[in-house]
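A quick write-up on the structure given underneath.
The values are calculated or read from the model by the stated rules, or taken from the named source; none is laboratory data. Small disclaimer: the values here were computed from a predicted structure and weren't measured. Here the Cβ positions follow ideal geometry from the backbone for every residue, glycine too, while neighbour counts run over all protein chains shown.
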Amino acid sequence: MRKILLLTCVCALALVAGACGEKNGASSSGGGGGDDTAAVVNGTKILVKDVDRVVAQQFRGQENQLSQVEQAAYRLQALDNLITQEALYQQAQKQNIVPSEDDLKKAIQSYKVDNGLTEEAFANELKQLNQTEEQFRESVKKQLAIQKLYENAAAQLKVQERDVADVFKANPKQFSIQPGVALSDIIIDPGENNMKFDVKGDAAAEQRVKEIKVRLDKGSDFATIARQLSEHQSAMRAGDLGFLARAQFVDLPQMMGLPSALGERLYGMEAGDITEPIKDSAGRWHIFKVTGKQTETRDRTLDEVRAEITEAIRNQRKQVVDAALQARARDEAKIENLLAQRMIENPNGFGVLRPAPAAASASPQASAAPAESPKK
């Protein structure tokens, strides 16, 4: 249960997407436009364009490269999530859980800050995702209400001391501190990622990382630079990647596209040491700092790990409670999945789905369908 943060280089968090709150008058026509209704939850419509917006966010504008079958599968998955979200939001409304205007403003501002977005970059991101600011605001409102619904349920969770003691006694060795290093990282990515000081292109990225290394060599604070310039979600934690056990070193190529030998090299460094810029297989540049080092296995006592075990137990139970909330919300709702119905009725064309251009040109079967891309 020891918390070890895998060094995964992931892109910025996608915007949450909410279904529009149109009431009644749900259409079941198979015309295929983005304004067609994909599902109805207690009279509230979820439109096809809402589903497509979620898929577009997931694939960052590359969804047209999916085959027709892949698009159908991702659409169904996205719609299922939107149905659950709408059912949960309606449960929150029943309990009079409504975010204040101040909560909304804070959440939106926090999103911009956490993702390093200027007002211009935020507007561009909404444009790329075919989402208006009002739609984004409505989706945040729903997410805040649902989050509060979850929190209210989780507040009832209690972890007894005997539960903690039983977990520890079952296998005390699993809580031992293993040899390894605590790391921080500054990542410069030549790709476009909408970070505040995003560099674009290999030449610009290489120049930026060289400038950063010069600043570090002159004594600039690593955490400050990471927070300001690193193009990775770890920037929100001042570059902190957590603890990497020595046993995980062989997994570095899978985790980060870096050579496995780098782990032993980092292990040979001392706390406070900083590497030169290192390029990974995806073209990103890294500058690592060893912030801590453990050279021997050390057993910990129950007192040392009590809070850690308590949190782990609570999180496990919370996952079950969250799943129960979702199940109850869906069970109590009247749900009509019209998109699924149309796909069953037209399994060769998947109802309103139109093939992506790439799919249409790649297969004769796809070419037989209308060549227009899905509307978003």
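Tabulated values for the structure
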| quantity | calculated |
| --- | --- |
| Members of region 207-246 that are small (Gly, Ala, Ser), in contact (Cβ under 8 Å) with a residue 40 or more places away in the chain and assigned to a loop (DSSP other than H, G, I, E, B) | 230, 238, 239 |
| Single residue of region 88-141 satisfying the filter (under 30 Å from residue 324 (Cβ atoms), without any contact (Cβ under 8 Å) to a residue 12 or more places away in the chain and more than 18 Å from the chain's Cα centre (by Cα)) that is surrounded by the fewest Cβ atoms within 10 Å (Cβ to Cβ) | 96 |
| Failed item, numbered, when residue 19 is tested on (1) at pLDDT 80 or above; (2) in contact with a strand residue (DSSP E or B) (Cβ under 6 Å, 6 or more places away or on another chain); (3) small (Gly, Ala, Ser) | (1) |
| Number of positions in region 273-295 that are modelled with pLDDT of 95 or more, part of a loop (DSSP other than H, G, I, E, B) and either of a type in the set (Gly, Ala, Ser) or under 14 Å from residue 189 (Cα atoms) (or both) | 1 |
| Filtered residue count, region 142-192, keeping only those that are part of a helix (DSSP H, G or I), over 27 Å from the mean Cα position of the chain (by Cα) and among the polar types (S, T, N, Q) | 1 |
| Conditions (1) assigned to a helix (DSSP H, G or I); (2) modelled with pLDDT of 90 or more; number of the one not met by residue 53 | (2) |
| Unmet requirement for residue 195, which otherwise passes all of (1) outside any strand (DSSP E or B); (2) aliphatic (A, V, I, L, M); (3) in the same structural domain as residue 249 (by TED's automatic domain parsing); (4) closer than 30 Å to residue 311 by Cβ | (4) |
| Test result for residue 263, in a loop (DSSP other than H, G, I, E, B) and either more than 20 Å from residue 212 (Cβ to Cβ) or modelled with pLDDT of 90 or more (or both) | no |
| Residue list for region 247-267, filter: touching a Pro at 6+ places or on another chain (Cβ under 9 Å) and in contact (Cβ under 8 Å) with a residue 60 or more places away in the chain | 247, 252, 267 |
| Condition check for residue 63: without any contact (Cβ under 8 Å) to a residue 60 or more places away in the chain and in contact with a helix residue (DSSP H, G or I) (Cβ under 8 Å, 6 or more places away or on another chain) | no |
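Matching residues to (1) more than 26 Å from residue 176 (Cβ to Cβ); (2) in the same structural domain as residue 118 (by TED's automatic domain parsing); (3) out of contact with any helix residue (DSSP H, G or I) (no Cβ under 6 Å at 6 or more places or on another chain); (4) not hydroxyl-bearing (Ser, Thr, Tyr):
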site: 199; (1), (2), (3), (4): yes, no, no, yes
site: 207; (1), (2), (3), (4): yes, no, yes, yes
site: 210; (1), (2), (3), (4): yes, no, yes, yes
site: 232; (1), (2), (3), (4): yes, no, yes, yes
site: 240; (1), (2), (3), (4): no, no, yes, yes
site: 269; (1), (2), (3), (4): no, no, yes, yes
site: 278; (1), (2), (3), (4): yes, no, yes, yes
site: 285; (1), (2), (3), (4): yes, no, no, yes
